[in-house]
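Notes for the one structure printed next.
All of the numbers you see were taken from the coordinates with simple rules; none came from a lab. Every value quoted in this text rests on a predicted model; they were computed, and no experiment measured them. Methodologically, a virtual Cβ is constructed for each residue, glycine included, from the backbone with ideal geometry; neighbour enumeration extends over all protein chains shown.
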Amino acid sequence: MRIKRYIYLFLFAFLLVSPIVSFSLRSSMADTLTANEDSTVVDTVMPAANAESQALVETMDIDGPIGTVVSDRIKSAVKKCDEDHAELLVIYLDTPGGFTESTWDIIKTILNSPVPVCVYIAPSGSRAASAGVYITYAANFAAMAPSTNIGAAHPVGAQGQKIDSIMNEKITNDAVAQIKATAQRRGRNIEWAEKAVRQSVSIPDQEALKLHVVDFVAPDLDSLLAQINGRQTETPNGLRTMHLKRYRVESIKESFIRRLLEVVTNPNIAFILMSLGGLGVLLELYHPGAILPGVVGAICLILAFYAFQTLPINYAGVALIVLAAILFIAEIKVVSHGILTIGGLVSLFFRGLMLIDTADPSMEISRALLLTVVICVGIAVGLASYLVIKAAKRQPFIGNEGLVGKTGHIRDDGMVYIEGALWKIECDQPVAKNDPVEVLSVDGLTLKVKKITS
């Protein structure tokens, strides 16, 4: 019993490593960025006597795929900047792309923001691909750090392939219309924007500046704000001149809950949580009373269901989830020699491929992660099935059935002493005191025995 629980604990600890490490790294990166931004505050804040004349610049970072949580963060940031009467919101951007609906929401938020927004593709090595191109074009000011790039905004299929035929034309034309509208609104290069969508072109920072895809190339925030100072930009409230000769910088710190939700809504993490939750419930059914697998599984399933509410889910993938669970449960009820388990693993693999319905390959579930999860689940289910079948074949060790096969010696009163108790006996052969006997069956308080001749 203890060995089984230790095995379950080990399996769950192993599978839990991925989301925990991912979340820890994301938190550490966010804390580091916050610390860097805080140091910027110290360097740029003017003496206390001039505090009232300082313009407030608020910053936030987007590092990863664009999804619902990112859209909500930007809406909250714009609202906070408006309430704080900030002069400018700077968004540090580094993204491989994201979901279309979330991207359109962000564009609407930026275009209707009463506070000017600057999208800053930074630090060096960052990129604004796919959805990042649309967000950059929507900003009042667009900037890039050295050694960054922007582009590759062509719509693609859920598996990374180009969408075929009429649907391809419809989606592409819609995307082109959207980016051309924002380019015209902000006075940026319309021709290049269309190429980025239709031909997936991508360019580095200096070329982007030359083609007027972005407004500035700046190595750091101080340099960027110095270039923006004195510029005019259009807001819903009319033209606004940027006064950034004196400023103070504040970082919009992301709450722990938002960090957690942003990690959970990552398609890879959502897939891990769903797999871990299903495995936990399955192990609890295999071994009722283990408690730990059921509790952990239920928590993971709840988090996975939340993530699925924010992600575009393919219902065929959901159907494969149900099928995989049925096959795994049936494995302990039907003698299939592992065929049902293999079927469940195949279903699990295709579930991962089909679960997220997106036109951006960067939002797909990682193939390496998918194979790792399938292998881990296969090992866990196989081990659990082996233990269950082994336990079912094991001879009972309690109750009357547990006495069958036991041996003892006849006492002088004609009874036998077995398992700490005296029993009456029936034997087809004559027996005497100290003769060894073996229990054949149990009838109430009488044991049917046979004499051991050797």
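Cross-link check: pairs Lys79/Lys195; Lys180/Lys245; Lys80/Lys253; Lys108/Lys180 evaluated at a Cα-Cα cut-off of 23 Å; pairs beyond the cut-off: Lys79/Lys195; Lys180/Lys245. Extension gain, Lys406 to Phe256: 0.36 nm times the residue separation minus the Cα-Cα distance gives 47.9 nm. All other residues whose Cβ lies under 15 angstrom from that of Asn140 are scored, Lys and Arg at +1 and Asp and Glu at -1, for a net of +1.
Report note on the peptides 232-243, 341-352: ranked by the mean count of other C-beta atoms within 10 Å, highest first, their order is 341-352, 232-243. Close amide H partners of Ser202, meaning residues 5 or more places away or on another chain with modelled amide H under 5 Å apart, are Ala152. Our estimate of slack between Ala177 and Arg198, defined as 0.36 nm per intervening residue step minus the Cα-Cα distance, is 6.4 nm. Toward the positive end of the charge dipole of the range 55-245, with +1 on the Cβ of Lys and Arg and -1 on the Cβ of Asp and Glu, the farthest Cα among Leu211, Ser126, Cys81 is that of Leu211.
Here the label points at His85 and Glu191, each 7 Å from Cα along the C-beta direction, are separated by 4.5 nm in the simple model.
Across the range 149-287, the relative contact order, built from alpha-carbon pairs under 8 Å that are at least six residues apart, equals 17 percent. The Cβ shell under 14 Å around Ser113 holds other residues with a net charge of +1, Lys and Arg each +1, Asp and Glu each -1.
Quick one: what are the phi-derived ³J(HN,Hα) couplings along the range 415-421, Karplus 6.51/-1.76/1.60 with θ = phi - 60°, whole Hz, x for glycine and proline? Going residue by residue, I get 9, 10, 9, 9, 6, x, 9 Hz, with x marking Gly and Pro. Among residues other than Glu438 with Cβ under 12 Å from its Cβ, the summed charge is +3 (Lys and Arg +1, Asp and Glu -1).
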